[in-house]
1. Using a Förster distance of 30 angstrom, determine the FRET efficiency expected from the C-beta separation of Ile13 and Ser75, and round it to 0.05.
2. Along Cα→Cβ, 7 Å out, is where each label goes; now give me the distance between the ones at Arg58 and Arg97 in nm to one decimal.
3. Work out how much length Ile33 to Leu48 would gain on full extension: take 0.36 nm times their residue separation and subtract the Cα-Cα distance, in nm to one decimal.
4. Starting at the first residue of region 90-98, write each ³J(HN,Hα) from the Karplus equation 6.51 cos²θ - 1.76 cosθ + 1.60 with θ = phi - 60°, in whole Hz, x for Gly and Pro.
5. Residue by residue, what Karplus-based ³J(HN,Hα) values in Hz, rounded to whole numbers, does region 22-35 have, using 6.51, -1.76 and 1.60 with θ = phi - 60° and x for Gly and Pro?
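Quick note: the coordinates plus some simple rules give every number you see, no bench work behind them. Bear in mind that the values here come from a model prediction, so they are computed numbers and not experimental data. Positions of Cβ are backbone-derived with ideal geometry, glycine not excepted, and every protein chain shown enters the neighbour counts.
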Amino acid sequence: MSYRSYALATAVIFLVIAVLHLLRVIFGWDATIARAAVPKWVSWIALLMAGYLAFRRRQVTGRPKPHSRLIKCLSRQRERQNQLRIEDTHLTVFLARRYHASPR
C-alpha cells in the first residue's frame, strides 16, 4: 500500500468517526462505556479532533505541489551526472591500464 493510499484510507476513517460524533450530538444518542455515561461535550471534542485529522490526511493525498516535480527532475539530473562521472572514471582507469599510463 502506498503512502497516498494509506493517507486516503485514514482520512475516510477519521471522517466517518467525525460524522458519527456529529450525529450523536444532533440526535442526542446516549453513549455508555463500561456502564458509565459519556457526556455530549466528549463528542464535541472528538468531532473536532477527528474532523481535523481527516482534513489533514486529505491534504496529504491532494495534488502534488508544483515544486515537487522540479525537485524530482533535479534529483534525476544529479543521478545522471553522478553516473556519467562514474563511467568517465571507469574509462580513464581502463585506458590507463591499457596503455600503461598513470590515471589523471
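1. Values: r = 33 Å, r/R0 = 1.10.
Computed FRET efficiency for Ile13 and Ser75: 0.35.
2. Computed distance between label sites Arg58 and Arg97 equals 6.1 nm.
3. Length difference between fully extended and current span is 3.4 nm.
4. Those phi angles translate into 5, 5, 4, 5, 4, 5, 5, 5, 5 Hz.
5. 5, 5, 4, 5, 5, 8, x, 5, 8, 10, 10, 10, 6, 6
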